[in-house]
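The values are calculated or read from the model by the stated rules, or taken from the named source; none is laboratory data. In this text, all values refer to a predicted model and were calculated from it rather than measured experimentally. Cβ coordinates were reconstructed from backbone atoms using ideal geometry, including for glycine residues, and neighbour counts include every protein chain displayed. Please note that ligands, DNA and RNA were not included when accessible areas were found on the heavy atoms of the full protein model with its side chains. Shrake-Rupley method; radii C 1.70, N 1.55, O 1.52, S 1.80 Å.
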Amino acid sequence: MLNFEVINPTRIIFGKDQLERLPQLINDFSKKKRILLAYGGGSIKSTGLFNKLMIHLKDFEVVEFGGIEANPQFTTLMKGVELAREKDIDFILAVGGGSVIDGVKFMTGAFHYKGDPYEVLKRTEGCVFTQAISFGTFLTLPATGSEANSGAVISRDELKEKLTMGGPLFFPKFSFCDPTVVATLPKRQLANGIVDAFMHTLEQYLTYPTDNLLQERQAEGILQTLIEIASEVIEHPNNYKLASNLMACATHALNGNLRCGVPTDWTTHMIGHELTAMYGIDHARTLAIIAPRLYENQFENKKEKLTQYGKRVWNLQGTSEEIAKEAIVKTEMFFQRLGIHTKISDYSADTDHIAEVIKTRFIDRGWNAMGERQAITPSDVESIVLHAI
Ligand code: NZQ
Ligand code: ZN
């Protein structure tokens with residue numbers, strides 16, 4: 001087992017009908033009783049969640065900041081930062097999916113930052129967030145795990161960039177994870193959520209065999225649970241048993257637990273972010289496009305683990321080689337069964353130069369040796385993308 005150190009200070013309040021806890025939880029962090037309520041494009045209002053929240057926020061001055069897009073945009077978020085500064089806010093409540101929660105993480109750091117916060121995202125030398133205001137979340141879409149981790153991904157459409165940030169300052173103080181929100185999710189977002197949670201697990205599992213028996217079984221447990229419930233939860237999002245298992249899987253897949261003592265990959269995500277930046281393809285869909293091609297490209301490096309995955313998760317039989325190959329096919333078919341296309345050309349006809357552009361971006365950022373063995377080169381990335389077209 002590899003050495004590891006882990007901390008996760010986020011209080012997870014999992015389950016339904018727990019909103020009466022909200023005022024006290026905010027009071028623990030907001031001295032001014034004046035909070036920013038951040039949300040997305042409006043689902044919070046059409047689902048009735050906004051009204052429910054306001055009942056519990058009656059003793060606070062609530063400043064609304066709506067309109068955070070899917071793949072939250074730097075320019076929009078900076079408007080939120082300005083509003084928070086103007087209103088002298090000391091706590092933000094993020095109500096939404098990964099985009100709203102990620103956007104709020106960025107806003108909490110940018111709030112105190114004196115220079116251009118985009119330089120922090122670009123990782124310009126000397127540019128870091130050193131303070132952040134407190135925030136909590138009410139999750140409305142089980143997918144990213146953002147409610148339980150300290151990472152965020154921020155987009156800037158005019159530059160066609162999507163950049164990551166994070167660090168210990170950006171753990172939510174608390175997150176409400178109420179599975180009843182699943183009932184109002186469109187099928188497309190449900191499928192996305194399943195694939196994103198599945199891929200977070202694979203990024204921390206499909207590497208090479210380790211002697212961390214517990215962590216491998218935990219990852220396999222999440223994968224098997226997602227496979228078991230996927231089709232049913234899409235058809236019956238009102239079913240609390242299915243919805244709560246989906247939400248538990250998504251949170252556990254990226255709350256820091258699965259990575260303890262094991263190698264991780266994350267290259268599928270890094271390539272996927274580029275596809276979202278260039279084509280606006282939903283995050284989870286980019287992963288479904290890239291993962292099968294990356295596993296083919298890295299077949300020899302990942303063969304042992306692909307075989308374990310094929311045997312234990314998909315109950316495959318045959319030689320190691322056969323099982324490993326079939327495991328990739330099963331994974332892609334699983335995504336397709338959820339209605340997710342797995343080729344770039346399914347989303348855009350304009351695919352000229354894309355592989356070369358992504359390769360160059362990797363080189364420019366110094367990402368020359370990716371993956372659990374640092375074996376994935378920019379040329380491999382180019383080849384993976386070419387095969388994904
Ligand atoms: O904006 P509204 O109107 O709220 O509608 C949203 C949005 O259009 C809708 N929605 C959310 N909850 C709903 C609902 N509609 C009906 N009922 C509900 N209960 O769903 C749409 C998509 O929401 P979004 O937040 O964009 O989806 P998701 O949670 O998949 O987040 C994706 C973002 O998270 C980043 C992705 O890159 C992407 O930008 N990620 C963040 C990670 C992290 N912080 O750890 C890890 C991930 O790998 C990922 O990169
Ligand atoms: Zn993801």
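When the range 338-356 is examined, which residues are found to be exposed (fewer than 15 other Cβ atoms within 10 Å of the Cβ) and not in a loop (DSSP other than H, G, I, E, B)?
The answer is S345, D346, E356.
Tally time: how many residues in the range 79-96 are under 30 Å from A191 (Cα atoms) and either assigned to a helix (DSSP H, G or I) or not assigned by TED's automatic domain parsing to the domain that holds L36 (or both)? If you could, list the steps in order and put the result at the bottom.
If we filter the range 79-96 for residues that are under 30 Å from A191 (Cα atoms), which is where we start, we get 80, 92-96.
After this cut, where a residue has to be either assigned to a helix (DSSP H, G or I) or not assigned by TED's automatic domain parsing to the domain that holds L36 (or both) as well, the list is 80.
Total satisfying the criteria: 1.
Suppose we filter the range 312-323 for residues that are under 18 Å from I227 (Cβ atoms) and either in contact (Cβ under 8 Å) with a residue 12 or more places away in the chain or not assigned by TED's automatic domain parsing to the domain that holds G221 (or both); how many remain?
Residues that pass the stated criteria total 5.
If you scan the range 240-287, which residues turn out to be open to solvent by 20 Å² or more (accessible area, probe 1.4 Å), over 21 Å from K187 (Cβ atoms), in a loop (DSSP other than H, G, I, E, B) and not β-branched (V, I, T)?
L254, N255, N257, R259, W266
Filter the range 102-152 down to residues that are among the charged types (D, E, K, R) and away from ligand 1 (no atom under 16 Å from the Cβ), then give me how many there are.
Looking only at that region, the number is 6.
Somewhere in the range 225-232, is a residue buried (at least 21 other Cβ atoms within 10 Å of the Cβ) and not in a helix (DSSP H, G or I)?
no
Among the listed residues F4, F50, F29, which satisfies the condition of being assigned to a helix (DSSP H, G or I) and either closer than 30 Å to L214 by Cβ or in the same structural domain as Y118 (by TED's automatic domain parsing) (or both)?
Result: F50 is the single residue among F4, F50, F29 that is assigned to a helix (DSSP H, G or I) and either closer than 30 Å to L214 by Cβ or in the same structural domain as Y118 (by TED's automatic domain parsing) (or both).
Out of the range 124-136, which residues are touching a residue at least 40 places away in the same chain (Cβ under 8 Å) and either out of contact with any helix residue (DSSP H, G or I) (no Cβ under 7 Å at 6 or more places or on another chain) or within 16 Å of ligand 2 (Cβ to nearest atom) (or both)? Working first, answer last.
From the range 124-136, those touching a residue at least 40 places away in the same chain (Cβ under 8 Å) are 129, 133-136; that's our starting set.
Passing the criteria: only S134.
Please tell me if P23 is over 25 Å from A250 (Cβ atoms) and touching a Phe, Trp or Tyr at 6+ places or on another chain (Cβ under 8 Å).
Judged against the criteria, P23 is a match.
Which is on the phi < 0 side of the Ramachandran plot, surrounded by fewer than 18 Cβ atoms within 10 Å (Cβ to Cβ) and touching a Pro at 6+ places or on another chain (Cβ under 9 Å), of E300, E304, E321?
E304
In the range 70-83, what residues are without any contact (Cβ under 8 Å) to a residue 60 or more places away in the chain and within 25 Å of the chain's Cα centre (by Cα)? Lay out the reasoning, then the answer.
So the first thing to find is which residues in the range 70-83 are without any contact (Cβ under 8 Å) to a residue 60 or more places away in the chain, and the list is 76, 78-83.
Selection gives T76, M78, K79, G80, V81.
Can you name every residue in the range 137-151 that is among the small types (G, A, S), surrounded by 24 or more Cβ atoms within 10 Å (Cβ to Cβ) and away from ligand 2 (no atom under 12 Å from the Cβ)?
A148
Checking the conditions here, which among L287, L294 is within 16 Å of ligand 2 (Cβ to nearest atom), more than 18 Å from T144 (Cβ to Cβ) and either out of contact with any Lys or Arg (no Cβ under 8 Å at 6 or more places or on another chain) or of a type in the set (A, V, I, L, M) (or both)?
Numbers: L287 fails: more than 18 Å from T144 (Cβ to Cβ).
Just one listed residue meets the conditions, L294.
Could we say that I328 is of a type outside the set (D, E, K, R), away from ligand 2 (no atom under 16 Å from the Cβ) and in contact with a Phe, Trp or Tyr (Cβ under 9 Å, 6 or more places away or on another chain) here? Working first, answer last.
Values: of a type outside the set (D, E, K, R): yes; away from ligand 2 (no atom under 16 Å from the Cβ): yes; in contact with a Phe, Trp or Tyr (Cβ under 9 Å, 6 or more places away or on another chain): yes.
When the stated conditions are applied, I328 passes them.
Name every residue in the range 203-239 that is of a type in the set (A, V, I, L, M, F, W, C) and in contact with a Leu (Cβ under 9 Å, 6 or more places away or on another chain), in order of residue number. Even if it seems obvious, please write down each step before you answer.
Quick first cut of the range 203-239, residues of a type in the set (A, V, I, L, M, F, W, C) only: 206, 213-214, 219, 222-223, 226-227, 229-230, 233-234.
Once the filter is applied, which keeps residues that are of a type in the set (A, V, I, L, M, F, W, C) and in contact with a Leu (Cβ under 9 Å, 6 or more places away or on another chain), the range 203-239 yields L206, A219, I222, L223, L226, I229, A230, V233, I234.
Can you go through T184, T130, T108 and tell me which one is surrounded by fewer than 24 Cβ atoms within 10 Å (Cβ to Cβ) and farther than 28 Å from I234 by Cα?
T130
Scan (1) open to solvent by 10 Å² or more (accessible area, probe 1.4 Å); (2) near ligand 1 (Cβ under 10 Å from one of its atoms) for the single condition E203 breaks and write down its number.
Only one criterion is unmet by E203, namely (1).
Pairs please, first residue from the range 86-101 and farther than 17 Å from L169 by Cα, second anywhere and within 16 Å of ligand 2 (Cβ to nearest atom) and among the basic types (K, R), Cβ atoms under 6 Å, 6+ apart in sequence or on different chains.
none
Mind telling me which of the residues S155, S175 ends up being near ligand 1 (Cβ under 9 Å from one of its atoms), touching a residue at least 60 places away in the same chain (Cβ under 8 Å) and touching a Lys or Arg at 6+ places or on another chain (Cβ under 8 Å)?
Checking each option against the conditions leaves just S155.
Please verify whether the range 64-71 includes one or more residues that are surrounded by 24 or more Cβ atoms within 10 Å (Cβ to Cβ), part of a loop (DSSP other than H, G, I, E, B) and out of contact with any Cys (no Cβ under 7 Å at 6 or more places or on another chain).
From the range 64-71, those surrounded by 24 or more Cβ atoms within 10 Å (Cβ to Cβ) are 65, 68; that's our starting set.
Imposing the further condition that a residue be part of a loop (DSSP other than H, G, I, E, B) reduces the set to 68.
Of the ones still in play, those that are also out of contact with any Cys (no Cβ under 7 Å at 6 or more places or on another chain) are 68.
Yes: the range 64-71 contains one or more residues that are surrounded by 24 or more Cβ atoms within 10 Å (Cβ to Cβ), part of a loop (DSSP other than H, G, I, E, B) and out of contact with any Cys (no Cβ under 7 Å at 6 or more places or on another chain).
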